[in-house]
Amino acid sequence: AQSVTQLDSQVPVFEEAPVELRCNYSSSVSVYLFWYVQYPNQGLQLLLKYLSGSTLVKGINGFEAEFNKSQTSFHLRKPSVHISDTAEYFCAVSDLCRRPSRGGGADGLTFGKGTHLIIQP
Amino acid sequence: NAGVTQTPKFQVLKTGQSMTLQCAQDMNHNSMYWYRQDPGMGLRLIYYSASEGTTDKGEVPNGYNVSRLNKREFSLRLESAAPSQTSVYFCASSPPDPVAKNIQYFGAGTRLSVL
């Protein structure tokens, strides 16, 4: 079964400093990769995705991530964080090599345990 | 746009009580999902429905049942609630096309406490 590891449960960063949130997944031939953000008391919102093509993907709110197949990583970065970036960030993977579901739809994402990004003024 | 709507937003149950969490999406998506979120555990898949008329178990299905009522609605039922089912429950849906089917859209969640 696929697994996702987010190495840091909490990352404190000063405002306007750069940040990197790390994500590694267990090896597979083909995967789709995602970062979701959860603001306090809200649902999850898609931040960015890697489906194919360029390994550097850009998302909303100035975030970007780089897919590294050899290191099975998909780290999230932002060059300058803002207080409004305080949230929980989840890395997720969809394993394309899993048995297709009967109905032809996707059969769920595997999530990491999350990283709490804390922006300090 | 409503997107994915979950009801109720909050619920407190006593051990042994039953309840159904409701989820509806208005995006004409084929696939729908139920996850639970616990502190330090991330999100774990309970059940999913790849299309109308089908349901499959996820990672943590024990103690739950689901019904895909129609294309729009996917409900999660706790027949006899236990304190271990205290959690935040999220419903999600994904579109039908071959690539975008893996992108999931989430509701705001139901916060459930079982005493």
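The values are calculated or read from the model by the stated rules, or taken from the named source; none is laboratory data. Every value quoted in this text rests on a predicted model; they were computed, and no experiment measured them. Reconstructed Cβ throughout: ideal geometry from the backbone, glycine too, with neighbour counts over all protein chains shown. Accessible surface is based on the protein model in full, side chains and every heavy atom, while ligands, DNA and RNA are left aside. Shrake-Rupley method; radii C 1.70, N 1.55, O 1.52, S 1.80 Å.
Considering only residues that are over 24 Å from A:Thr110 (Cβ atoms) and open to solvent by 60 Å² or more (accessible area, probe 1.4 Å), look in the stretch B:18-35 and name the one that is nearest to the other protein chains (Cβ to nearest Cβ). Checking each candidate, the answer is B:Asn28. Would you point out which residue out of B:Thr86, B:Thr54, B:Thr15 is open to solvent by 50 Å² or more (accessible area, probe 1.4 Å) and either of a type in the set (Asp, Glu) or under 28 Å from A:Gln2 (Cβ atoms) (or both)? When all the criteria are applied, what remains is B:Thr86. The test for being open to solvent by 60 Å² or more (accessible area, probe 1.4 Å) and either under 26 Å from A:Phe34 (Cβ atoms) or in contact (Cβ under 8 Å) with a residue 60 or more places away in the chain (or both) does not hold for B:Pro8.
The rows are residues; the columns are (1) under 24 Å from B:Gln37 (Cβ atoms); (2) of a type outside the set (Ser, Thr, Tyr).
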{"residue": "A:Pro18", "(1), (2)": "no, yes"}
{"residue": "A:Tyr25", "(1), (2)": "yes, no"}
{"residue": "A:Leu44", "(1), (2)": "yes, yes"}
{"residue": "A:Lys49", "(1), (2)": "yes, yes"}
{"residue": "A:Leu56", "(1), (2)": "no, yes"}
{"residue": "A:Ile60", "(1), (2)": "yes, yes"}
{"residue": "A:Glu64", "(1), (2)": "no, yes"}
{"residue": "A:Pro79", "(1), (2)": "no, yes"}
{"residue": "A:Phe90", "(1), (2)": "yes, yes"}
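Considering the stretch B:36-61, and only residues there that are hydroxyl-bearing (Ser, Thr, Tyr) and within 7 Å of another protein chain (Cβ to nearest Cβ), the residue that is nearest to B:Thr86 (Cα to Cα) turns out to be B:Tyr48.
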